[in-house]
1. Within the stretch 147-159, count every residue that is over 26 Å from residue 187 (Cβ atoms) and surrounded by 15 or more Cβ atoms within 10 Å (Cβ to Cβ).
2. Is it fair to say residue 140 is surrounded by 15 or more Cβ atoms within 10 Å (Cβ to Cβ), more than 21 Å from residue 66 (Cβ to Cβ) and out of contact with any strand residue (DSSP E or B) (no Cβ under 7 Å at 6 or more places or on another chain)?
3. Out of curiosity, is residue 31 closer than 17 Å to residue 126 by Cβ and either touching a strand residue (DSSP E or B) at 6+ places or on another chain (Cβ under 9 Å) or in a helix (DSSP H, G or I) (or both)?
4. Of everything in the stretch 53-76, what is crowded, with 21+ Cβ neighbours inside 10 Å and under 20 Å from residue 106 (Cα atoms)? Give them in sequence order.
5. Of the residues 82, 71, only one is on the phi < 0 side of the Ramachandran plot and part of a loop (DSSP other than H, G, I, E, B); which?
6. When the residues of the stretch 160-176 are filtered to those that are outside any helix (DSSP H, G or I) and without any contact (Cβ under 8 Å) to a residue 40 or more places away in the chain, which remaining residue is surrounded by the most Cβ atoms within 10 Å (Cβ to Cβ)?
7. Residue check: is residue 132 part of a helix (DSSP H, G or I), surrounded by 14 or more Cβ atoms within 10 Å (Cβ to Cβ) and out of contact with any strand residue (DSSP E or B) (no Cβ under 8 Å at 6 or more places or on another chain)?
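Nothing in this text is a laboratory measurement; each read-out follows from the coordinates by a stated rule. It should be emphasised that the depicted structure is a prediction, and the values quoted were computed from it without experimental measurement. All Cβ positions, glycine included, derive from the backbone under ideal geometry; neighbour counts span all protein chains shown.
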């Protein structure tokens, strides 16, 4: 099992900027949580567990990550996650913050049940989904990456598709020695991707009230413009391909040159 912890200095904004829950500031008492997992018809394993909390004494966000190295870690990572949540609850954390976290909870609850691990997130924490909070505030839906853009958050790491992650974890589960053969850069990229997910949940909550409806409309206009530009470019490329096909299939192509004509 690969374990990693980072201390990232941050400053909590004033209470007028942070997200409130039932009128209370909760950022100091929250866990920010995200999973990278492997499913095939049903949940198979958690590939990476990532969580972060704000530490008042350190004036920093402290991230904790576990990554499986083989099939044997499939149960061990679940035991570690349960231990982490119990410890954080004992440290005074009361809220569990995700973005569109239903899938993560479905996966981890299914795997807890599969391995006879007794734990109830609903009984231990108030569950807060930032996607639902955004929908409630602006009456609109949004993805995590666009929500990050709204809050002026630029990712330093490279984005990774869910399909790429699933293939990687599938190989780790099926091939005992695959993790040892993985390039270190690939492992670091996966961990960085997950770490940015959980840290950015904190950053979004920390700047929640700084985003206005005007900001939302400006972003939507920009995204629509980018979409139209991509569609126009795609149509242009497709037209060019068709023209090249027509030219290559022309029955008289090359005959003029053979007869000494030019065009």
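1. The initial filter retains those residues of the stretch 147-159 that are over 26 Å from residue 187 (Cβ atoms), namely 147, 149-152.
The next check asks that each one be surrounded by 15 or more Cβ atoms within 10 Å (Cβ to Cβ); those that pass are 147, 149-151.
Residues in the stretch 147-159 being over 26 Å from residue 187 (Cβ atoms) and surrounded by 15 or more Cβ atoms within 10 Å (Cβ to Cβ): 4 in total.
2. Working: surrounded by 15 or more Cβ atoms within 10 Å (Cβ to Cβ): no; more than 21 Å from residue 66 (Cβ to Cβ): yes; out of contact with any strand residue (DSSP E or B) (no Cβ under 7 Å at 6 or more places or on another chain): yes.
For residue 140, the condition - surrounded by 15 or more Cβ atoms within 10 Å (Cβ to Cβ), more than 21 Å from residue 66 (Cβ to Cβ) and out of contact with any strand residue (DSSP E or B) (no Cβ under 7 Å at 6 or more places or on another chain) - is not met.
3. Details: closer than 17 Å to residue 126 by Cβ: yes; either touching a strand residue (DSSP E or B) at 6+ places or on another chain (Cβ under 9 Å) or in a helix (DSSP H, G or I) (or both): yes.
Considered against the rule, which asks whether it is closer than 17 Å to residue 126 by Cβ and either touching a strand residue (DSSP E or B) at 6+ places or on another chain (Cβ under 9 Å) or in a helix (DSSP H, G or I) (or both), residue 31 comes out as yes.
4. Going residue by residue through the stretch 53-76, those that are crowded, with 21+ Cβ neighbours inside 10 Å are 53-54, 61, 63-68, 73.
Selection gives 65, 66, 67, 68, 73.
5. Working: 82 fails: part of a loop (DSSP other than H, G, I, E, B).
Matching residue, one of 82, 71: 71.
6. Step one: filter the stretch 160-176 for residues outside any helix (DSSP H, G or I), giving 160-161, 175-176.
Checking the rest, the ones that are also without any contact (Cβ under 8 Å) to a residue 40 or more places away in the chain come to 160-161, 175.
Working: 160: 16, 161: 8, 175: 13.
Restricting to residues being outside any helix (DSSP H, G or I) and without any contact (Cβ under 8 Å) to a residue 40 or more places away in the chain, the top hit is 160.
7. Working: part of a helix (DSSP H, G or I): yes; surrounded by 14 or more Cβ atoms within 10 Å (Cβ to Cβ): yes; out of contact with any strand residue (DSSP E or B) (no Cβ under 8 Å at 6 or more places or on another chain): yes.
When the stated conditions are applied, residue 132 passes them.
Conditions tested, residue by residue: (1) touching a strand residue (DSSP E or B) at 6+ places or on another chain (Cβ under 7 Å); (2) surrounded by fewer than 12 Cβ atoms within 10 Å (Cβ to Cβ); (3) not in a helix (DSSP H, G or I).
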{"position": "122", "(1), (2), (3)": "no, yes, no"}
{"position": "136", "(1), (2), (3)": "no, yes, no"}
{"position": "185", "(1), (2), (3)": "no, yes, no"}
{"position": "192", "(1), (2), (3)": "no, no, no"}
{"position": "199", "(1), (2), (3)": "yes, no, no"}
